[in-house]
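Report on one structure; see the data block that follows.
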Amino acid sequence: MTDPREFSEERTDSTSHPGPPRQRPPVQHGGYAQDPNLPPLQPAQSQYPPLPQPSRSRPEMPGAPVRPPKRTPRSGWRKAVYVGSGKLINPGESPAERRQRELTARVNQPLRGCFKIAMMSLKGGVGKTTITTTLGATFASLRGDRVIAVDANPDRGTLSQKIPIETTATVRHLLRDADKITRYSDVRAYTSQGPSRLEILASEQDPAVSEAFSELDYLRAVSLLEHYYNIVLTDCGTGLMHSAMKGVLDSADALVVVSSGSVDGATSASATIDWLDAHGYGDLVKRSIVTINSVRPKAGSVDLDKLAAHFSARARAVCQIPFDPHLEEGAEIELDRLQPGTRLALLELAAAMADAFPLKGL
Ligand SMILES: Nc1ncnc2c1ncn2[C@@H]1O[C@H](COP(=O)(O)OP(=O)(O)O)[C@@H](O)[C@H]1O
Ligand SMILES: [Mg+2]
């Protein structure tokens with residue numbers, strides 16, 4: 001069994017810590033080292049008494065670290081004390097607020113080019129579409145850049161049901177009109193945008209047509225989207241052999257392998273990883289995150305932490321998404337309606353994913 005600490009150590013802390021204060025090099029007269037044979041240089045003597053110097057409010061202590069101002073609390077009793085005391089008493093932010101701020105900073109890490117994330121699992125109903133939408137919405141709501149989710153399900157994908165629909169256009173229409181697309185506003189006509197700013201590009205709803213959505217079609221769609229979007233999430237179909245899958249895997253920068261919290265869900269997530277390893281995608285697996293998504297209210301007899309430890313030996317990180325009544329509805333998803341624990345878990349997933357942004361192209 002893998003030591004779960006391995007997992008936590010793998011996470012990189014992106015906050016920079018100030019190093020020890022630097023000592024200034026000794027100032028040398030005229031910028032040159034003095035000849036040791038010459039008498040020591042004296043500062044020029046003036047016949048006038050020295051001018052009075054303005055007093056400094058703080059004595060200058062070289063080497064003393066400058067303490068940053070305490071952050072103000074945004075919730076709970078700390079905020080009550082801060083506001084109630086007329087902002088005279090500042091208890092500082094709570095550990096939870098600090099954690100949230102650090103995660104948000106990680107989610108907002110700079111990103112060069114377009115980062116492509118694919119959601120995968122051998123099994124249906126484990127939450128691929130749900131995670132695509134909620135992870136995409138978390139990125140879109142916190143980052144200033146453009147985020148899109150693409151439905152690559154060969155069989156009537158449900159991604160477009162997760163946000164209010166603005167257009168009936170699908171990826172098929174986008175590919176048909178690809179020659180005429182020269183600006184962001186041109187692509188935007190084919191997408192729907194939710195309250196989080198996440199955009200969605202729907203799949204063909206006619207199963208006979210969408211079955212023909214090939215690897216080349218997917219690659220053409222992605223190479224168009226990467227000009228206008230910074231993050232492209234792909235909601236893959238169930239199974240690994242459908243027509244567009246090779247294109248999805250060859251262009252992905254990272255995967256989210258989705259597992260449910262049940263034994264069969266975890267077994268098929270393991271089988272997904274085995275298949276990827278055996279088919280030359282081992283490097284992609286190492287850059288991937290396993291997400292254990294609780295589609296049932298109770299975990300039953302399965303120890304989710306043991307499951308997480310099992311996957312942490314195989315992937316870059318493991319995240320757990322709790323059961324959430326709003327997600328269970330299976331309808332349009334609004335981040336504001338999720339429980340605080342679910343939002344925090346999604347923030348952790350987005351932060352763990354964003355830790356790979358600097359590795360892109362290396
Ligand atoms: N974290 C969750 N909490 C509660 N219900 C969930 C959660 N994730 C998924 N679900 C439920 O599971 C169903 C299947 O999820 P979905 O994302 O459509 O799976 P997939 O795309 O893998 O087939 C959803 O309609 C929803 O009802
Ligand atoms: Mg789905």
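The values are calculated or read from the model by the stated rules, or taken from the named source; none is laboratory data. On a predicted model such as this, the values are computed, not experimentally measured, just so you know. Positions of Cβ are generated from backbone atoms using ideal geometry, with glycine treated the same way; all protein chains shown enter the neighbour counts.
Has segment 192-204 got at least one residue that is of a type outside the set (Lys, Arg), under 30 Å from Arg337 (Cα atoms) and more than 25 Å from the chain's Cα centre (by Cα)? Checked against the condition, which is being of a type outside the set (Lys, Arg), under 30 Å from Arg337 (Cα atoms) and more than 25 Å from the chain's Cα centre (by Cα), segment 192-204 yields at least one hit. Taking the criterion of being closer than 15 Å to Leu135 by Cβ and away from ligand 1 (no atom under 16 Å from the Cβ), the residues of segment 219-267 that qualify are Tyr229, Asn230, Ile231, Val232, Ala252, Asp253, Ala254.
Test Val187 against the criterion of being touching a strand residue (DSSP E or B) at 6+ places or on another chain (Cβ under 7 Å) and either buried (at least 17 other Cβ atoms within 10 Å of the Cβ) or assigned to a loop (DSSP other than H, G, I, E, B) (or both), and give yes or no. Answer is no for this residue.
In the set (1) over 19 Å from Val256 (Cβ atoms); (2) within 16 Å of ligand 1 (Cβ to nearest atom), the condition left unmet by Thr129 is number (1). Scan segment 315-338 residue by residue and report those that are β-branched (Val, Ile, Thr), within 12 Å of ligand 1 (Cβ to nearest atom) and not in a loop (DSSP other than H, G, I, E, B). The answer is Ile321, and nothing else. The set of residues in segment 55-83 that are among the charged types (D, E, K, R) and at pLDDT 65 or above comprises Arg67, Lys70, Arg71, Arg74, Arg78, Lys79. Only one of (1) modelled with pLDDT of 90 or more; (2) outside any loop (DSSP other than H, G, I, E, B) is not met by Tyr229, so which one is it? Of everything listed in (1) modelled with pLDDT of 90 or more; (2) outside any loop (DSSP other than H, G, I, E, B), Tyr229 misses just condition (2).
Test Gly86 against the criterion of being more than 16 Å from ligand 2 (Cβ to nearest atom), at positive phi and not basic (Lys, Arg), and give yes or no. Yes, satisfied.
Please list, ordered by residue number, the helices (runs of 4 or more DSSP H) wholly in segment 261-314 having 3 or more residues that are surrounded by 19 or more Cβ atoms within 10 Å (Cβ to Cβ) and either in contact (Cβ under 8 Å) with a residue 24 or more places away in the chain or touching a Ser or Thr at 6+ places or on another chain (Cβ under 9 Å) (or both). Passing ranges, in order: 263-278, 304-312. Scanning segment 190-210 for residues that are surrounded by 17 or more Cβ atoms within 10 Å (Cβ to Cβ), among the acidic types (Asp, Glu) and in a loop (DSSP other than H, G, I, E, B) returns a single hit, Glu204.
When the helices (runs of 4 or more DSSP H) confined to segment 62-143 are screened for residues that are not assigned by TED's automatic domain parsing to the domain that holds Leu327, those reaching at least 1 such residues are found at 76-84, 95-107. Of everything listed in (1) buried (at least 22 other Cβ atoms within 10 Å of the Cβ); (2) in contact with a helix residue (DSSP H, G or I) (Cβ under 6 Å, 6 or more places away or on another chain), the single unmet condition for Leu335 is (1).
Considering segment 144-173, and only residues there that are closer than 19 Å to His227 by Cα and over 27 Å from the mean Cα position of the chain (by Cα), the residue that is nearest to ligand 1 (Cβ to nearest atom) turns out to be Arg172. The number of residues in segment 144-169 that are crowded, with 20+ Cβ neighbours inside 10 Å, farther than 20 Å from Ala252 by Cα and more than 10 Å from ligand 2 (Cβ to nearest atom) comes to 2.
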